[in-house]
Amino acid sequence: MIRRREFIALLGGAAAWPLMARAQQPAMPVIGFFLLTSPDAQMDRLRAFRQGLKDAGYVEGENVAIEYRWADNQLNLVPEVVAEFVRRQVAVIIALGGNAGALAAKAVTTTIPILFIATEDPVRLGLVSSLARPGGNVTGINLFSGEVSAKRLEFLRELAPAATRVAVLVNPTGSTAQTTLRDVEPAARSLGLQIQVLNASTSREIDAALATFVPERPDGLFVSSDPFFTSRRVQLANLAAHHSVPMTSATREIVEVGGLMSYGSNIADAFRQVGVYAGRILKGAKPAELPVVQANKFELVINAQTARMLRLSVPPTLLSVADEVIE
């Protein structure tokens, strides 16, 4: 006969077995997700990322955890955030929101896989050794934002055919300013356009830059591809409308709040592709063997209401190729 004390001990041991089994299950992998901008303009993109992750077999909260960090355009925070991810031993670091974020992440760790979305050639940036075989611990998506700058200028000229002088707004502290000017300057010459370069890296500097339109207003405003400008999209749209200047940008978010036109890579699709790659890495794929994905979805978005406000007639040729016309 089993004495009462021995029975209680056996019962306690039996009750502990499922707890021990649960404790021995492998911990859920963690993705460190870092964006250089603020989250307010990223909801659609984040949904696309989660969809890509789901397509690869992972659902947030079920079999993968995601730690989100936002820098609100403060590049100096990147090393600290990446260092935190390294200490936590995350499975993957996703560094988005500009080339600088990915470069800063790469400088902190050479072992944890890093995924990026680059706005220009990642080989030239030093992120990867080659597009086909990146090498190291870094791979991602190339948006070709710089390479389509010339096409954006052509579309602006088509919408405002009388234009002769265009202001080009760049962020001197960002990583796309030199590339933008390198691509825009020859394109402007070929179209017979003069350009005026404006620099802004803060909200106040945007106000000051566009205040120069008062004595001599340009015929158009070309906003370079930079996460900072997307985060200031309402300010830019309002100022362009205030000065009655046709504006073209790289991201549709600016057009959705009143900007005139955008042309560039479909960034939501790039986020989805990052999600797919994150899932593949969680399953054991090595970044060194995952080719950099060349973005192949480009979209032209036109705000017809803004065009009417500016008394511009959108030509049928543009309407026929536009991916979306916002009424």
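The values are calculated or read from the model by the stated rules, or taken from the named source; none is laboratory data. Quick caveat: nothing in here was measured; it's all calculated off a predicted structure. Don't worry about glycine lacking a Cβ; one is built from the backbone with ideal geometry, like all the others, and counts go over all protein chains shown.
I need a count of the residues in segment 303-327 that are in a strand (DSSP E or B) and either charged (D, E, K, R) or free of Cβ contacts under 8 Å to residues at least 40 places away in the same chain (or both). Steps first, please.
To start, the set of residues in segment 303-327 that are in a strand (DSSP E or B) comprises 303, 324-326.
With either charged (D, E, K, R) or free of Cβ contacts under 8 Å to residues at least 40 places away in the same chain (or both) added as a condition, the list becomes 324-325.
So the answer is 2.
Tally time: how many residues in segment 289-302 are outside any strand (DSSP E or B) and modelled with pLDDT under 90?
3
Every residue, every condition in (1) more than 21 Å from G126 (Cβ to Cβ); (2) of a type in the set (S, T, N, Q); (3) surrounded by fewer than 18 Cβ atoms within 10 Å (Cβ to Cβ); (4) under 20 Å from the mean Cα position of the chain (by Cα), yes or no:
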site	(1), (2), (3), (4)
Q74	yes, yes, yes, yes
P79	no, no, yes, yes
A83	no, no, yes, no
A102	no, no, no, yes
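Please work out which one of (1) in contact (Cβ under 8 Å) with a residue 40 or more places away in the chain; (2) over 13 Å from I254 (Cα atoms); (3) out of contact with any strand residue (DSSP E or B) (no Cβ under 6 Å at 6 or more places or on another chain) is the condition D226 fails and give its number.
It is condition (2) that D226 fails.
Considering every residue within segment 225-234, establish whether at least one is crowded, with 19+ Cβ neighbours inside 10 Å, in contact with a Lys or Arg (Cβ under 7 Å, 6 or more places away or on another chain), assigned to a loop (DSSP other than H, G, I, E, B) and not aromatic (F, W, Y).
Within segment 225-234 (the criterion being crowded, with 19+ Cβ neighbours inside 10 Å, in contact with a Lys or Arg (Cβ under 7 Å, 6 or more places away or on another chain), assigned to a loop (DSSP other than H, G, I, E, B) and not aromatic (F, W, Y)), the answer is no, since none of the residues qualifies.
Regarding L131, is this residue in the same structural domain as G52 (by TED's automatic domain parsing), surrounded by fewer than 19 Cβ atoms within 10 Å (Cβ to Cβ) and assigned to a loop (DSSP other than H, G, I, E, B)? It would help to see each step written out before you state the result.
Details: in the same structural domain as G52 (by TED's automatic domain parsing): yes; surrounded by fewer than 19 Cβ atoms within 10 Å (Cβ to Cβ): yes; assigned to a loop (DSSP other than H, G, I, E, B): yes.
Answer is yes for this residue.
Confirm whether A104 is part of a helix (DSSP H, G or I), small (G, A, S) and under 24 Å from P291 (Cβ atoms). Steps first, answer last, please.
Values: part of a helix (DSSP H, G or I): yes; small (G, A, S): yes; under 24 Å from P291 (Cβ atoms): yes.
Yes, satisfied.
With the requirement that a residue be on the phi > 0 side of the Ramachandran plot and surrounded by fewer than 24 Cβ atoms within 10 Å (Cβ to Cβ), what does segment 85-100 give you? Working first, answer last.
So the first thing to find is which residues in segment 85-100 are on the phi > 0 side of the Ramachandran plot, and the list is 89, 97-98.
Scanning segment 85-100 gives a single hit, Q89.
Looking at V64, V148, V108, which one is among the aliphatic types (A, V, I, L, M), in contact (Cβ under 8 Å) with a residue 24 or more places away in the chain and closer than 24 Å to R233 by Cβ?
On the way: V64 fails: closer than 24 Å to R233 by Cβ; V108 fails: closer than 24 Å to R233 by Cβ.
Answer to the check: V148.
Which of the residues that make up segment 178-206 are in a helix (DSSP H, G or I) and within 24 Å of the chain's Cα centre (by Cα)? Outline the logic, then answer.
Taking segment 178-206 and keeping what is in a helix (DSSP H, G or I), we get 178-190, 203-206.
Across segment 178-206, the qualifying residues are Q178, T179, T180, L181, R182, D183, V184, S203, R204, E205, I206.
If Y277 meets every condition in (1) assigned by TED's automatic domain parsing to the domain that holds Q51; (2) surrounded by fewer than 23 Cβ atoms within 10 Å (Cβ to Cβ) apart from one, which number is that one?
Of (1) assigned by TED's automatic domain parsing to the domain that holds Q51; (2) surrounded by fewer than 23 Cβ atoms within 10 Å (Cβ to Cβ), only one is false for Y277: (2).
Could you check segment 219-246 and list, in sequence order, the residues that are over 26 Å from Q74 (Cβ atoms) and not β-branched (V, I, T)? I'd like the intermediate steps shown before the answer.
Start the filter on segment 219-246 by keeping residues that are over 26 Å from Q74 (Cβ atoms), which leaves 219-220, 241-246.
Matches in segment 219-246: D219, G220, A241, H242, H243, S244, P246.
Please go through segment 96-114 and pick out each residue that is of a type in the set (S, T, Y) and out of contact with any strand residue (DSSP E or B) (no Cβ under 8 Å at 6 or more places or on another chain). Show your work before the answer.
Narrowing segment 96-114 to residues of a type in the set (S, T, Y): 109-111.
If the condition is that a residue be of a type in the set (S, T, Y) and out of contact with any strand residue (DSSP E or B) (no Cβ under 8 Å at 6 or more places or on another chain), then T110, T111 are the ones that fit.
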